[in-house]
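The values are calculated or read from the model by the stated rules, or taken from the named source; none is laboratory data. Predicted model only: the values in this text are computed from it and were never measured. Neighbour counts run over all protein chains shown; Cβ positions are idealised from the backbone, glycine included.
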Amino acid sequence: MVTKGASVDGSQMITYSADYFPGFGYLEHFKEADHPPGSWVEIYEWDTGKYLGKIPQVEHTWNVIGNMNQHQLAIGETTFGGREELHDPNGILDYGSLIYVTLQRAKNAREAMKIMTDLVAEYGYYSSGESFSIVDKNEVWMMEMIGKGPNRKGAVWVAVQIPDGYIVSHANQARITTFPYQKHNDWFNPEQKVFNSPDVISFAREMGYFNGRDEIFSFSDTYNPLDFQGARYSELRVWSTYSKLDPSIKQYFGYASGNNITFDPKTGYATNRMPLYIRPNKKLSVLDVMALMRDHYEDTPLSPNKDIGGEPFGFMKRYRPLVWEYQNEQYVNERTISTQQSQWTFVSQSRANLPDEIGGVFWFSVDDSATTVFFPLYSSITDIPKPYKKEMGSSMKFSFDCAFWIFSMVAHLTYWKWDHIYPDVANLQKKLESNFFRELQNTDKVALQYYRENPKKAIEYLTSVSIKNGEELFKTWKEFYGFLMTTYCDGVKRVDKGGKYPEVTDLGYPEKWYGRIVKEVGHMKKVKRYHNVNENVNDRKSLRYKL
């Protein structure tokens with residue numbers, strides 16, 4: 001999450017990757033609507049589609065594009081799991097439905113947090129521990145929540161406002177440690193910067209998780225105790241982002257890699273944790289934020305292309321499982337920020353200097369953030385590009401008309417020849433996103449002119465532009481797959497200057513790879529030299545080579 005004081009244009013931003021291997025990437029759209037009295041909302045678990053129950057519908061719901069609504073409110077999340085015994089199998093609201101129900105009902109971050117916490121208190125919280133990113137055009141909040149176990153309806157939670165000029169990141173490990181306990185949640189008092197459930201500490205005491213003074217209570221260390229995996233898979237991704245923007249964070253590498261975590265012997269709390277938020281050494285643009293989401297720990301000792309798993313062509317991904325065994329010892333595959341199992345990634349921009357109809361921009365992409373392209377949609381639009389709609393495919397239904405599958409095709413072709421193909425992907429990616437970024441400024445100006453005449457006219461214009469952006473990108477990327485397939489099929493072929501015949505280059509392998517082959521099976525691969533006894537042995541032309 002990026003506060004307005006940390007962004008180049010005063011935007012407040014969230015970026016979020018939905019990483020779920022069996023999942024399918026598409027763009028959510030809930031239309032603004034009125035509902036008759038007595039209506040109900042059926043709740044299905046976001047990850048599995050399991051029916052959980054129903055809750056009363058409200059009279060009016062807002063337009064939602066992806067994870068952002070027409071009032072420039074955006075919500076993201078990461079799952080930290082936490083203590084397994086605190087899962088409530090009878091809860092009705094899972095984290096996904098909690099996000100999308102709230103986006104349809106709230107106008108700003110504070111209202112969103114009140115709705116979320118009221119809903120789980122009344123209907124129960126079904127998911128495990130969750131960190132939420134909640135941003136509107138004026139405030140940035142991080143809220144962490146976990147249930148209270150079977151037959152204990154509700155949740156314990158804490159929410160912290162991020163100071164202006166700072167950024168905050170979380171990645172599947174609870175990160176809010178100590179905080180000033182609030183006896184009362186005065187939701188709409190701008191002076192109150194922290195909220196919490198009344199029993200966030202007392203419940204921990206009751207369960208035997210904590211017995212110290214209130215002042216030293218840590219939400220994260222209590223409800224999601226840190227271990228090697230919590231650091232290596234989660235905090236390391238935060239470290240990678242922070243260390244790029246604040247060099248002093250590099251000192252936490254031992255902690256974040258899980259190799260040097262220190263614990264207080266009395267509380268069991270980790271004592272050398274990174275700060276919750278940092279002030280970046282430069283202000284970030286939306287393009288900078290996209291770049292951060294493409295990180296593979298490059299230029300660190302943990303870059304995936306540095307070990308055998310990256311050979312021969314610098315492969316930057318690692319397939320599950322994350323933990324594997326060899327001779328009774330456990331080892332890890334790195335979980336990088338950019339991952340092949342992403343369904344979709346977004347960057348939201350909430351811009352207070354523009355009317356809500358124009359200010360909310362939702363940059364969306366499907367599949368792996370490293371090999372995909374973000375394109376902008378405005379959060380007020382009334383329709384979305386067809387290739388990104390849910391009905392265009394599924395995780396087990398391929399379609400050439402589906403954006404997720406076209407981007408996945410390019411990604412998987414890139415994976416196997418990364419060093420050769422990824423530069424082509426990155427160059428086109430940069431060109432397209434830079435064009436979208438420049439065109440957005442002109443689109444804003446035209447939309448403002450329409451807005452002064454009639455806000456509905458501005459929305460109609462922005463809807464047409466957003467749909468055009470998505471559909472043209474889809475067409476371009478499908479053609480790009482054809483270019484990559486013909487260029488890198490069975491080697492490398494590029495059309496010569498005359499445009500008639502391809503210039504062919506043998507792909508070959510790196511020296512290091514050849515060295516491994518020689519070491520492991522060189523005796524089976526070595527070329528043998530023989531000479532023809534009927535010819536002069538000193539004549540090099542008489543030499544014959546035979547395997």
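Looking only at segment 433-451, residues that are farther than 22 Å from F364 by Cα and of a type outside the set (A, V, I, L, M) come to 3 in all. Number of residues in segment 261-283 that are under 21 Å from S131 (Cβ atoms), without any contact (Cβ under 8 Å) to a residue 24 or more places away in the chain and of a type in the set (S, T, Y): the value is 0.
Inside segment 301-312, residues that are part of a loop (DSSP other than H, G, I, E, B), surrounded by 14 or more Cβ atoms within 10 Å (Cβ to Cβ) and modelled with pLDDT under 95 make up a count of 2.
Scanning segment 225-242 for residues that are crowded, with 19+ Cβ neighbours inside 10 Å and over 21 Å from N333 (Cα atoms) gives a single hit, Y242.
The C-beta contact set for segment 164-192 (first residue among the hydrophobic types (A, V, I, L, M, F, W, C), second residue surrounded by 13 or more Cβ atoms within 10 Å (Cβ to Cβ) and assigned to a loop (DSSP other than H, G, I, E, B), distance under 6 angstrom, 6+ apart or interchain) comprises I167/P280; V168/M1; V168/I162; A174/N224.
Taking segment 145-176 as the range and being closer than 28 Å to I92 by Cα and β-branched (V, I, T) as the test, the residues that pass are I146, V156, V158, V160, I176. Taking segment 320-353, which residues are in a loop (DSSP other than H, G, I, E, B) and closer than 22 Å to K390 by Cα? Once the filter is applied, which keeps residues that are in a loop (DSSP other than H, G, I, E, B) and closer than 22 Å to K390 by Cα, segment 320-353 yields T339, Q340, Q341. Of S408, S365, all but one fail to be at negative phi and surrounded by 24 or more Cβ atoms within 10 Å (Cβ to Cβ); the exception is S365. For the criterion of being outside the structural domain of I65 (by TED's automatic domain parsing), surrounded by fewer than 21 Cβ atoms within 10 Å (Cβ to Cβ), assigned to a loop (DSSP other than H, G, I, E, B) and on the phi > 0 side of the Ramachandran plot, D383 fails.
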